[in-house]
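Visitor: Structure in structure tokens, see below.
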Amino acid sequence: MKQFEENILEPRLLGELTLLKNNYRFFIPSYQRGYRWGVEEVTALLDDLLDFNNTVKDYSEKYCLQPIVVKQLTDGSYEVLDGQQRLTTLFILLSYLQKEDGEINLFELEYETRPNSAVFLRDLSPEINADNPDYFYISQAYKIIVDWFDTNKESVRYLKRKIGGILLDQVEIIWYQIKDNSNPIDVFTRINIGKIPLTNSELVKAVFLSKNNLQLGLKDMGVSIEDLILNNKQSVIGLEWDAMEKQLQDNDFWSFIFNKKENNYQTRIDYILDLVTESPINSVDSLEAFKKYYNKIKSVRNNAELLKEYERLSTSYIEEEWALLKAYFDILLEWYNNKWYNHIIGYLITRNENVLELLNQYKNLNREGFKKELISKIAKPLSAKNISELKFENSGDKKTLEDILLLHNVIGSLIQPDTSIHFPFDKIKSAKWSLEHIYAQNTDDLLEKDYDSWVNDHLNYFKSIGHNNDDVINSFIEKLDALQAKKLTGDTEEYKEFFKIIFSEVDEYIRKKSDEDFDLIEEKGDDYQWVTDAHSLANLTLLDISANSYLSNSIFGVKREKIKDLDKRLAFIPNETRKVFFKYYSNAGSHDAYWSYADRIAYVADIKSKINNLNNLLDLK
């Protein structure tokens, strides 16, 4: 079967580059930027190697470095098109270790702009050489390495020997050798403007689109037919890859499938590759998926029996792997576009459920069994403690309270027949959420800089509700007017003292109004005594931190007006939070200015009806 002339893309051990028989010689051309790594970059590499030494569990594990792009010259040496900073630093580090261990060999390295660089590089020392910028940074890097080993040698025994062993036997570089007839300067330019991306996903894409890989397992049909078939297969995979990348740019879809606040991926499709290959999720600059695909292909290529089986099935290894990857992606897309799955699985992913485990369960269980498993995953952590026992001031309860309130919103959206298929998980993940006390009055939590806005907000509110026959409200209006006037006199201490008095009077009045329906608590019995606690679920709702700050320590009526204002400005307010302040849960006649015990009982009843009857969701389509 024909072998195609393609670029070489593979992991290579650094130790392979140092073997004398391989005669690796590298040439840094003049169009490249000179060596410029400093303390931060060199130390980061050394610290990473030390961390790898401290955490590696198996000698077979590899430490993978970013790609080095080369083109072989007529004399057998390699022109370095990208990655020369890493390559030079590795050379400097090996040079230092060679002085301790004479069995360590070096590859050859030469800079076109420095005629004597090969000689200089063969005899490095900690003494700073200022003859030119390249020599300065190279000698500085050598000194950084010397100092780093001096600093760390007491904490790690045989440090030089261990780092040397890692470099030679476990450090891999991604070797990307350009085989076409491109001009090296053109290739360098294409790399640096992103035309030859060297991310994990682009390296994997190159593996999938390689004709030499695509033909693994195909029958020999003659060169022209093979070429036509492989071109078609390349086109199909290329188009499907592009369609996946386009779908992943939909922020709603991305927020549904990805549960991390911080995204360390260079491209979003890297996440899918990590899921399918069971690689660590969200690692910085990880090339794990590429390495796993490459190693699989290498294994298949050497397995004659397996290749025969692929030939019998009229398929290839790459097509099988691509079908698996596409199947995983299609499942995620199916979940996203199904209202029930979107809400239930979206909630679980938001609460850090393992996505790969969910995918495997979906494949292995029937639909009814899978749905029951999902409901069980939601119910189990919420059943550990009765909701009446959960308290805001208990740090261990806060996550459970947040989970309950988010689930309340998710189920509220799911059971409404006229709501969108997609729950707004993008809004949930793009903001920082906190528990908001529905009614909370505490001067200790109110900053002095916020006194003026509190006075203004409450004065306007009391005037707006128009209690002409309410002497207390009229008294508040007079006192707040007077407080504003006092502010103008500049007597700060008197202003603060008077503010705290009025704040306490308002708080006491609102609390008495809220307590007027305490007889409802007595009617309900001991089971509902807990709703009177200001830190219980009955007095908590979900708001993002900016809205929480905006509402500050206002009374319920003022908060309600501020929620209306946020709503008018199209700010995202969770639907069940909106219902709290618009009194959707309470019977007619409940006063808009207060969060009464009747309101709390109705609110809790609605939450219980949703989260205590999760199995009812199985009947929804």
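Visitor: Looking only at residues in the stretch 245-256 that are of a type in the set (S, T, N, Q) and under 21 Å from Lys326 (Cβ atoms), which one is least open to solvent (accessible area, probe 1.4 Å)?
Guide: Gln247
Visitor: I would also like to ask the following. Given the criteria under 30 Å from Asn251 (Cβ atoms), at pLDDT 95 or above and in a helix (DSSP H, G or I), does Leu348 qualify?
Guide: Numbers: under 30 Å from Asn251 (Cβ atoms): yes; at pLDDT 95 or above: yes; in a helix (DSSP H, G or I): yes.
Criteria met by Leu348.
Visitor: Checking the condition of a type outside the set (Val, Ile, Thr), closer than 18 Å to Leu9 by Cα and either touching a Leu at 6+ places or on another chain (Cβ under 8 Å) or open to solvent by 30 Å² or more (accessible area, probe 1.4 Å) (or both), which residue from Lys62, Lys57 passes?
Guide: Sole residue among the options that is of a type outside the set (Val, Ile, Thr), closer than 18 Å to Leu9 by Cα and either touching a Leu at 6+ places or on another chain (Cβ under 8 Å) or open to solvent by 30 Å² or more (accessible area, probe 1.4 Å) (or both): Lys62.
Visitor: As an exercise: evaluate Lys427 against (1) in contact (Cβ under 8 Å) with a residue 60 or more places away in the chain; (2) over 19 Å from Ala571 (Cα atoms) and give the number of the one condition it does not meet.
Guide: Lys427 satisfies all of (1) in contact (Cβ under 8 Å) with a residue 60 or more places away in the chain; (2) over 19 Å from Ala571 (Cα atoms) except (2).
Visitor: Could you tell me how many of the residues in the stretch 587-611 are of a type outside the set (Val, Ile, Thr) and under 18 Å from Ala534 (Cβ atoms)?
Guide: 10
Visitor: Return yes when Lys308 is within 24 Å of Asn360 (Cα to Cα) and free of Cβ contacts under 8 Å to residues at least 60 places away in the same chain and no when it is not.
Guide: No: the conditions fail for Lys308.
Visitor: Which condition from (1) surrounded by fewer than 18 Cβ atoms within 10 Å (Cβ to Cβ); (2) touching a strand residue (DSSP E or B) at 6+ places or on another chain (Cβ under 8 Å); (3) of a type outside the set (Gly, Ala, Ser); (4) touching a residue at least 40 places away in the same chain (Cβ under 8 Å) is the one that Ile68 breaks?
Guide: Going through (1) surrounded by fewer than 18 Cβ atoms within 10 Å (Cβ to Cβ); (2) touching a strand residue (DSSP E or B) at 6+ places or on another chain (Cβ under 8 Å); (3) of a type outside the set (Gly, Ala, Ser); (4) touching a residue at least 40 places away in the same chain (Cβ under 8 Å) one by one, Ile68 breaks only (1).
Visitor: Can you pull out the residues in the stretch 276-294 that are without any contact (Cβ under 8 Å) to a residue 60 or more places away in the chain, open to solvent by 50 Å² or more (accessible area, probe 1.4 Å) and within 17 Å of Glu320 (Cβ to Cβ)?
Guide: Across the stretch 276-294, the qualifying residue is only Lys292.
Visitor: I'm checking my understanding of the structure. Among residues of the stretch 486-536 that are at pLDDT below 75 and open to solvent by less than 30 Å² (accessible area, probe 1.4 Å), which one is nearest to His458 (Cα to Cα)?
Guide: Step by step, filter the stretch 486-536, then rank; the result is Ile510.
Visitor: Does any residue of the stretch 326-345 turn out to be more than 21 Å from Ile297 (Cα to Cα), outside any helix (DSSP H, G or I) and not hydrophobic (A, V, I, L, M, F, W, C)? Write out each step before concluding.
Guide: Looking only at the stretch 326-345, we keep the residues that are more than 21 Å from Ile297 (Cα to Cα), and these are 329-345.
From what is left, the residues that are outside any helix (DSSP H, G or I) are 338.
Retained after the next criterion (residues that are not hydrophobic (A, V, I, L, M, F, W, C)): 338.
Yes, the stretch 326-345 contains at least one residue that is more than 21 Å from Ile297 (Cα to Cα), outside any helix (DSSP H, G or I) and not hydrophobic (A, V, I, L, M, F, W, C).
Visitor: Continuing with this model, one more query. Quickly run through the stretch 88-136 and pick out the residues that are open to solvent by 70 Å² or more (accessible area, probe 1.4 Å) and touching a Lys or Arg at 6+ places or on another chain (Cβ under 6 Å).
Guide: Listed by number, the residues that qualify are Glu100, Glu108.
Visitor: Condition check: part of a helix (DSSP H, G or I), farther than 22 Å from Gln234 by Cα and in contact (Cβ under 8 Å) with a residue 40 or more places away in the chain. Does Ile297 satisfy that?
Guide: Here the answer is no, as Ile297 does not meet what is asked.
Visitor: Next question, about the same structure. Mind checking which helices (runs of 4 or more DSSP H) fall wholly inside the stretch 537-621 and carry at least 3 residues that are modelled with pLDDT of 90 or more and open to solvent by 20 Å² or more (accessible area, probe 1.4 Å)? Explain how you work it out, then say what you get.
Guide: Numbers: elements: 545-551, 556-568, 575-581, 597-611.
Result: 575-581, 597-611.
Visitor: Then there's this: Out of all the residues in the stretch 212-220, is one or more among the hydrophobic types (A, V, I, L, M, F, W, C), touching a residue at least 12 places away in the same chain (Cβ under 8 Å), open to solvent by less than 10 Å² (accessible area, probe 1.4 Å) and not in a helix (DSSP H, G or I)?
Guide: Looking through the stretch 212-220, none of the residues is among the hydrophobic types (A, V, I, L, M, F, W, C), touching a residue at least 12 places away in the same chain (Cβ under 8 Å), open to solvent by less than 10 Å² (accessible area, probe 1.4 Å) and not in a helix (DSSP H, G or I).
Visitor: If you check Tyr158 against the conditions, is it over 36 Å from the mean Cα position of the chain (by Cα), free of Cβ contacts under 8 Å to residues at least 60 places away in the same chain and farther than 21 Å from Gly38 by Cβ?
Guide: yes
Visitor: Ok, one more. Do any residues in the stretch 384-404 that are more than 15 Å from Lys610 (Cβ to Cβ) and of a type outside the set (Lys, Arg) have Cβ atoms under 6 Å from those of residues that are open to solvent by 50 Å² or more (accessible area, probe 1.4 Å) and not in a helix (DSSP H, G or I), where the two are at least six apart or on different chains, and which pairs are they?
Guide: So the pair list comes out as Phe392/His535; Glu393/His535.
Visitor: Scan the stretch 255-268 for residues that are closer than 19 Å to Cys64 by Cβ and touching a residue at least 24 places away in the same chain (Cβ under 8 Å) and jot them down.
Guide: Within the stretch 255-268, Gln266, Thr267 meet the criteria.
Okay, residues lined up against (1) exposed (fewer than 15 other Cβ atoms within 10 Å of the Cβ); (2) touching a strand residue (DSSP E or B) at 6+ places or on another chain (Cβ under 6 Å); (3) modelled with pLDDT under 90:
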site: Asp242; (1), (2), (3): yes, no, no
site: Phe258; (1), (2), (3): no, no, no
site: Asn263; (1), (2), (3): yes, no, yes
site: Asp274; (1), (2), (3): no, no, no
site: Val300; (1), (2), (3): no, no, yes
site: Lys308; (1), (2), (3): yes, no, yes
site: Glu311; (1), (2), (3): no, no, yes
site: Tyr317; (1), (2), (3): no, no, yes
site: Glu321; (1), (2), (3): no, no, no
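Visitor: Still on this model: Inspect the stretch 341-354 for any residue being open to solvent by less than 50 Å² (accessible area, probe 1.4 Å), of a type in the set (Phe, Trp, Tyr) and under 22 Å from the mean Cα position of the chain (by Cα) and give the result as yes or no. If you could, list the steps in order and put the result at the bottom.
Guide: Our first condition is that a residue be open to solvent by less than 50 Å² (accessible area, probe 1.4 Å); within the stretch 341-354, this holds for 341-350, 353.
Now narrow it down to the ones that are of a type in the set (Phe, Trp, Tyr): 341, 347.
Then keep just the ones that are under 22 Å from the mean Cα position of the chain (by Cα); that gives 341, 347.
For the stretch 341-354, residues open to solvent by less than 50 Å² (accessible area, probe 1.4 Å), of a type in the set (Phe, Trp, Tyr) and under 22 Å from the mean Cα position of the chain (by Cα): present.
Visitor: Show me the strands (runs of 3 or more DSSP E) entirely contained within the stretch 41-138 in which 1 or more residues are closer than 21 Å to Val156 by Cβ.
Guide: In the stretch 41-138, 63-72 are the strands (runs of 3 or more DSSP E) which contain 1 or more residues that are closer than 21 Å to Val156 by Cβ.
Visitor: So, of the residues in the stretch 1-50 that are of a type in the set (S, T, N, Q) and at pLDDT below 90, which turns out to be surrounded by the most Cβ atoms within 10 Å (Cβ to Cβ)?
Guide: Looking at residues that are of a type in the set (S, T, N, Q) and at pLDDT below 90, I get Gln32.
Visitor: Asp82 passes all but one of (1) of a type outside the set (Gly, Ala, Ser); (2) in contact with a helix residue (DSSP H, G or I) (Cβ under 7 Å, 6 or more places away or on another chain); (3) within 19 Å of Tyr24 (Cα to Cα); (4) modelled with pLDDT of 90 or more; which number fails?
Guide: (4)
The values are calculated or read from the model by the stated rules, or taken from the named source; none is laboratory data. This one's a predicted model, so the numbers in the text were calculated from it and none came from an experiment. FYI the Cβ positions are ideal-geometry reconstructions off the backbone, even for glycines, and counts take in every protein chain you see. To get the accessible areas, we keep the full protein, side chains included, count just its heavy atoms, and leave off ligands, DNA and RNA. Shrake-Rupley method; radii C 1.70, N 1.55, O 1.52, S 1.80 Å.
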